[in-house]
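The values are calculated or read from the model by the stated rules, or taken from the named source; none is laboratory data. These figures come from a predicted structure and were not determined experimentally. Every residue, glycine as well, gets a Cβ built from its backbone with ideal geometry; the counts of neighbours run over all protein chains shown. Side chains are part of the model used for accessible areas, which takes the heavy atoms of the whole protein and leaves out ligands, DNA and RNA. Shrake-Rupley method; radii C 1.70, N 1.55, O 1.52, S 1.80 Å.
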There are 2 protein chains.
Amino acid sequence: MQCADEWSCISETGCDCTPFSSWAAVCTLAHILADTMTDSQTDGAAAESPMEFYEKVTAQGEAVRELKTGKAPKEEIDVAVKLLLQLKLDYKRVSGQDYKAGCPPTDSPASGESVPAAAEDGDDLVDPWTVATSNAKGVDYEKLIVRFGSSKIEAELIERMERVTGQKAHRFLRRGIFFSHRRVQQPCPSALDMHQILDAYENKKSFYLYTGRGPSSEAMHMGHLIPFIFTKWLQDVFDIPLVIQLTDDEKYLWKDLTLEDCHRYAVENAKDIIACGFDVNKTFIFSDLDYMGMSSGFYRNVVKIQKHVTFNQVKGIFGFTDSDCIGKISFPAIQAAPSFSTSFPQIFNGRKDIQCLIPCAIDQDPYFRMTRDVAPRIGYPKPALLHSTFFPALQGAQTKMSASDPNSSIFLTDTAKQIKNKINKHAFSGGRDTVEEHRKHGGDADVDVSFMYLTFFLEDDEKLEQIRQDYTSGALLTGELKKCLIETLQPMITQHQERRKQVTDETVKQFMTPRKLDFHF
Amino acid sequence: MQCADEWSCISETGCDCTPFSSWAAVCTLAHILADTMTDSQTDGAAAESPMEFYEKVTAQGEAVRELKTGKAPKEEIDVAVKLLLQLKLDYKRVSGQDYKAGCPPTDSPASGESVPAAAEDGDDLVDPWTVATSNAKGVDYEKLIVRFGSSKIEAELIERMERVTGQKAHRFLRRGIFFSHRRVQQPCPSALDMHQILDAYENKKSFYLYTGRGPSSEAMHMGHLIPFIFTKWLQDVFDIPLVIQLTDDEKYLWKDLTLEDCHRYAVENAKDIIACGFDVNKTFIFSDLDYMGMSSGFYRNVVKIQKHVTFNQVKGIFGFTDSDCIGKISFPAIQAAPSFSTSFPQIFNGRKDIQCLIPCAIDQDPYFRMTRDVAPRIGYPKPALLHSTFFPALQGAQTKMSASDPNSSIFLTDTAKQIKNKINKHAFSGGRDTVEEHRKHGGDADVDVSFMYLTFFLEDDEKLEQIRQDYTSGALLTGELKKCLIETLQPMITQHQERRKQVTDETVKQFMTPRKLDFHF
């Protein structure tokens, strides 16, 4: 981890209009990791050798076998297996080799080069494919902000948004669910942050929204809705166009799926997204597989980005190895391209100066850190970003909700009964073991998944605060808290299902056809 | 350079329908290199360390400086500079670092991994970007066939082509200019060679042709015409559709050019290609930058290929390093994709079983070796290949004609006078120093560039043989031989220029519009 200028390359916070001679974003992550690790060595978070990781994997493999032999509860085994898989990934990242039982790491010539893609800060691991922490309260977002070099959304920014738009801030902002953004210290025409977005809005200068989803299955769960719920609110408040990317190509590259399946999932997912209530006159939803073959601007931008990013850089940011397919290696450019308005000539008439605001979960930030670094070098403005926290799994905030683990998730297709059963059975509780103890000592709302879900979905601030107080004091029992959540989610999901039923193939086609939107720049 | 099965992985000659567990094509080149090198160690072609390459570059740099100081002839300096650049490339390939005077190679962890992309067999270097040899007769193609694992086009195959098509073989075949093909020993539905192409043709089963060009400038030279002249003949003889790829994206990625320039060069080059006489009803010419955004099939095939090729593999085949941009790394899939008929749904109605024959210069073979390896793994037939030799530079067959060196090339835009002057002034002669000596000992047609060019362009076999004999005996003087070449080329180029003038923007548009072709499969 060598870099010409250890400090300047961290400063995504400074105005970086001037092209970097080395690729800052790579250094950013690598250095912040290095710094964090050095700072926290006393906490046991020192860098480890491939051999140490190898031993960890071996030990965890043993632990899983013991749990299985001892017929431990399924959830316990699942968590242990998840940790095992994570450790194997870590091992591969550090050693450049796949873990093989009985084959300790060789002195790989690559090991000296490999840069961990995601930091282990304490136990938090956050990258576009994995979110894991040992903390029941979830990922330490304060630390993540430092590590990613982004900025906290302060009360002052939220107040300004309310002032400028004349609207009450969305509950996701009020409650720190969209908690981080990318800040630019000096005004700069080619860099952009939320403050400048607001400046622009006040000056009647417009911008557009970009968000997306990787369609890995037909089934979307509640966590998938978070960016779309918030994006819809932004679209309503600012009255601006929105593009939504469905990365069916990415899912094909990463998963054992056919192209046809990935494309079908994209179309199915589009129905759920449309059901969030987007304005068809201001929203373009696209499958990469389709739109790449329909746009005169998209592929040109992809190639421009791909010319300005090296393998070393994506290796540093995403942890790719020499064994990864060239499709994965070049994919980041495809997620980056929609950040530039020339990718949508039909919407922006070929203008390249329309600025872009990207609301997304913070695990997607590496893509856009890369994008922001490339932007000035290809003559485009940097996109602004608003980052959300993760939506916790039912089992607890150690991981995010995952469609591949049905018991961790409440799906948008679940019945009222399934919702009730899943919450009652699986939602990790911060309550005490007995009613008596709970009444006496109170519950822990900070680790209680039902309470966390309410912070996402219960609109009424006062009611939410009352619940928190009552649960903490012991006046509200776990069963009562769960009931409150069930009664919040059941109608929400039912309404979503009803709206989704209204979405015809014709409607999907409308949203997914490249066309002019009802907006003039 | 380790591989599970040293020999099986060389055998592109065997039927390799079964997917390889490791990526054969990578091993193929790497091993053949290793073998060749070991075989020829007594010739001094042993593998060298980064330090040895570093010293070679330093020594050659000194040599160039001495030549310049001593005001040596320009041609001599040019050759020395070319060799210097080549050595620098070799150094980078082996060390993973750019050459810097006074900075010997560090112990790069990458150096142990790097595999030379192209062999130095004696002094021959052949890859998609460089052709260089120290032999005045040009590259040793017999050795190259062994190294690349292809097969010589034997007299028997040429006779069969004549029998099957009822046409005399093209002079490029008769004279060993198209000299190599990829052979399959056992009949196999998903692999294809020229024999099977002929079987198919006899059975009224059709196939299509694919060739291409990298549009690095507006100016095309005579060497660029070789694949197109031959492809036109194949199209006429077999009466089949043809697709021509203009890799404007590649040129943007490799050169210091704008996207707009590369695209403009593609359109300009298309005019010269059209002037070769292709049938507009059976020919589709496309710019990658345009067609990627116009086809429902092209990008899908690109992604399929990109999923099945790793960075390790392209590193082995093309010599890419970690410092290369991700665009270069993923580009080979874009040159591979047109080998599959589903990249052109408008022509082949979505059929995936139409077989493809690719005529190209042998330096393009690495792309298609990769393609042939991937094909069965994504359910497509392998393309068949016909390889040509290189068109020598005016200065001699040590390098091929290059548009970036105007004195090495006869351009399609040159006037009759320029052609005459270039040949008289620059064409390397195999003649003797004085007329007397020449009359007495005769000239050497094997190293004489004018004679080489006549083998490409003089149709009359008997006349060519007479010239060879007269030159070798001394009856024909160098000036007379050059005159003969000038009189062959001048009308050829003039006619080309006249045909090119007839090519209107409308005609270009016709050729470059994705559409049905006049052919039914």
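Couple of notes before you dig in:
- With the biggest extent put first, the Cα atoms of region B:299-451 measure 65, 38, 30 Å across the principal axes.
- With a 1.4 angstrom probe, the accessible area lost at the B-A interface totals about 3600 Å².
- Counting Lys and Arg as +1 and Asp and Glu as -1 over every other residue whose Cβ lies under 13 Å from the Cβ of B:Ile486, the net charge comes to +3.
- For region A:415-521, the number of Lys pairs separated by eight or more positions or lying on different chains, with C-alpha atoms closer than 20 Å, is 14.
- Under the shape rule built on the C-alpha gyration tensor, where the axes satisfy a ≥ b ≥ c, region B:438-521 is prolate, since a/c reaches at least 1.5 and a/b is greater than b/c.
- Semi-axis lengths (Å, descending) of the ellipsoid that matches the C-alpha gyration tensor of region A:285-354: 25, 13, 9
- Once you divide the Cα radius of gyration of region B:142-242 by 2.2 N^0.38 Å, the number left is 1.15.
- Formal net charge of residues neighbouring B:His263 (Cβ-Cβ distance under 11 Å; K, R +1; D, E -1): -4
- Pairs over the 22 Å Cα-Cα cut-off, from the set A:Lys352/B:Lys307; B:Lys137/B:Lys328; A:Lys100/A:Lys400; B:Lys251/B:Lys400; B:Lys71/B:Lys255: A:Lys352/B:Lys307; B:Lys137/B:Lys328; A:Lys100/A:Lys400; B:Lys71/B:Lys255.
- Region A:344-460, relative contact order [Cα under 8 Å, separation at least 6], %: 18 percent
- With a Förster radius of 56 Å applied to the C-beta separation of B:Asn135 and A:Ala475, the computed FRET efficiency comes to 0.05.
- Legend: calculated FRET efficiency, A:Lys501 to B:Asp256, from the Cβ-Cβ distance at R0 = 60 Å, rounded to 0.05, equals 0.60.
- With the simple model of a label 7 Å out from the Cα in the direction of the Cβ, B:Arg174 to B:Glu462 spans 1.1 nm.
- q = 0.17, 0.18, 0.21, 0.26 Å⁻¹, region A:207-284: log10 I(q)/I(0) [Debye, one scatterer per Cα]: -0.64, -0.70, -0.89, -1.19
- Alpha-carbon gyration tensor eigenvalues x 5, square-rooted, for region B:214-342, Å: 26, 18, 14
- Region A:203-248: C-alpha pair distances exceeding 17 Å, %: 40 percent
- Normalised by 2.2 N^0.38 Å, with N the number of residues, the alpha-carbon radius of gyration of region B:318-406 equals 1.33.
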